[in-house]
1. In the stretch 143-158, what residues are crowded, with 17+ Cβ neighbours inside 10 Å and not in a helix (DSSP H, G or I)?
2. If Glu327 satisfies every condition in (1) farther than 27 Å from Trp106 by Cα; (2) modelled with pLDDT of 90 or more; (3) not small (Gly, Ala, Ser) but one, which is the exception?
3. Of all residues being more than 14 Å from Ala172 (Cα to Cα) and not in a loop (DSSP other than H, G, I, E, B) in the stretch 10-25, which is farthest from the ligand (Cβ to nearest atom)? Just the residue, please.
4. May I ask you to verify whether Lys40 is among the charged types (D, E, K, R) and either outside the structural domain of Asp157 (by TED's automatic domain parsing) or closer than 19 Å to Gly202 by Cβ (or both)?
5. So which helices (runs of 4 or more DSSP H) are wholly in the stretch 52-122 and hold at least 2 residues that are within 19 Å of Glu21 (Cα to Cα)?
6. Looking at Trp351 and the list (1) in contact with a strand residue (DSSP E or B) (Cβ under 9 Å, 6 or more places away or on another chain); (2) in the same structural domain as Leu287 (by TED's automatic domain parsing); (3) at pLDDT 95 or above, which single condition is not satisfied?
7. Filter the stretch 27-44 down to residues that are closer than 19 Å to Val61 by Cα and of a type outside the set (A, V, I, L, M, F, W, C) and give me whichever is farthest from the ligand (Cβ to nearest atom).
8. Pick from Ala336, Ala310: which is assigned to a helix (DSSP H, G or I), in contact with an Asp or Glu (Cβ under 7 Å, 6 or more places away or on another chain) and of a type outside the set (Asp, Glu)?
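The values are calculated or read from the model by the stated rules, or taken from the named source; none is laboratory data. None of the values given here were measured: they were computed from a predicted structure. Please note: Cβ atoms are built from the backbone with ideal geometry, for glycine as well, and neighbour counts cover all protein chains shown.
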Amino acid sequence: MTEPTETRSTKITSLYSVSHEKDADGFISAAIVWRYAKSKGLRHSVVLTDYGSFEAVFPKVGGFRNTLIVVTDLGLDENSLDTVISSLKRATAQGCRVVWLDHHEWPDRAVKSVLSLANSPVLRINHEYCGAEIAFKVLLPRDEVCAEMAKIAHDTDFNIREIESASALTDALSLTRFAALDKGDDLTAALMPLLRSLAESGMTGVWDESGRRFRDVLLNQRVDSYRKERLKKMRKALAAHSDLEIHGRLVRMVEMPNGVTTTDMGTFVADTRNLTIGDQQLPVADLFVTLSPGGMLGFRRGRENVLCNAAAALFKGGGHAYAAGGEYGPYHDFQAVCDDVFSTLSKSKEWVITLGQESA
Ligand SMILES: [Mn+2]
């Protein structure tokens with residue numbers, strides 16, 4: 001790749017970073033991009049966003065000049081393609097250059113549209129790595145601080161959970177996000193102090209490895225109480241679960257409490273130690289379905305005998321075989337939704353992996 005800061009006719013003077021607000025991967029990607037901007041002496045600004053909010057971010061970019069626009073850990077789908085591309089076209093006509101680094105699924109049309117932008121756009125999509133690993137490899141492959149952060153992002157993005165600081169950072173981001181949503185605060189602003197420390201000094205800037213705690217005492221306390229509260233909520237939600245065996249697979253539905261992520265709930269119910277309710281021991285479900293307060297459905301699996309994405313496709317959604325999301329819509333009665341979801345799942349066998357197909 002030619003240096004992103006050089007274009008034929010103009011000199012890039014600043015960098016605008018757009019990254020995923022949802023998790024540690026997007027957050028760490030933003031920290032890596034920030035370090036890159038610093039290393040090149042570029043003025044830097046950043047916005048964290050999510051799918052469905054591109055319309056609030058990209059049109060602004062259309063007014064930029066001589067700016068390197070770096071998008072990380074976000075895919076471009078059909079829904080927002082036209083808005084995003086028309087803004088980027090205006091930007092590149094004014095001397096901007098686009099670098100887009102991601103690991104999600106992209107429709108062909110989106111790939112072609114980004115690659116057809118002026119000023120030699122860089123587009124790297126690789127499903128083997130998380131977003132932060134790609135940012136590290138492409139932008140600052142010799143930076144030790146970025147190397148460590150990319151490892152941490154990998155641990156949380158692939159839900160490996162072997163690195164304590166990775167889980168802690170994920171929880172710190174979740175609690176800040178839930179608090180910002182609650183108060184109507186701007187999330188990028190709420191996360192800026194943490195992001196700045198991370199970009200400046202890497203993980204050691206925010207996390208004390210020997211004390212196994214955040215350096216920010218208040219943040220550390222907030223993470224502790226968030227975890228206690230979350231555990232209580234998850235236990236309560238699980239106690240009110242609804243089970244049904246469909247096509248020989250145990251399907252379990254749980255109503256998501258506020259302030260808990262689907263990934264956390266999915267990890268909680270996959271661990272048999274959490275499945276004792278009173279003197280009853282629940283089996284791990286094959287397919288696990290969460291219903292969020294807004295009527296969104298999450299799909300996770302306890303065994304590799306079901307396809308989460310195929311189940312989610314029955315509810316206007318999709319994703320991976322091991323994790324997917326769909327939509328139910330507004331609801332009042334949890335049990336009525338369960339009956340409805342169970343009935344839809346009974347009518348299709350697409351989501352069931354039958355014997356002999358399991359390795360496929
Ligand atoms: Mn990611």
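1. Answer for the stretch 143-158, where residues must be crowded, with 17+ Cβ neighbours inside 10 Å and not in a helix (DSSP H, G or I): just Asp143.
2. (1)
3. Within the stretch 10-25, the subset more than 14 Å from Ala172 (Cα to Cα) is 10-20.
Among the residues that remain, those that are also not in a loop (DSSP other than H, G, I, E, B) are: 11, 14-20.
Details: Lys11: 32, Ser14: 25, Leu15: 20, Tyr16: 20, Ser17: 15, Val18: 14, Ser19: 10, His20: 6 Å.
Only one residue tops the list, namely Lys11.
4. Working: among the charged types (D, E, K, R): yes; either outside the structural domain of Asp157 (by TED's automatic domain parsing) or closer than 19 Å to Gly202 by Cβ (or both): yes.
So Lys40 passes the test.
5. On the way: elements: 54-61, 78-93, 108-115.
Result: 54-61, 78-93.
6. It is condition (2) that Trp351 fails.
7. The first filter runs over the stretch 27-44 and keeps only residues closer than 19 Å to Val61 by Cα, leaving 30, 33-34, 37, 42-44.
With the extra rule that they be of a type outside the set (A, V, I, L, M, F, W, C), the set shrinks to 43-44.
Numbers: Arg43: 26, His44: 21 Å.
Selected residue: Arg43.
8. Details: Ala336 fails: in contact with an Asp or Glu (Cβ under 7 Å, 6 or more places away or on another chain).
The unique qualifying residue is Ala310.
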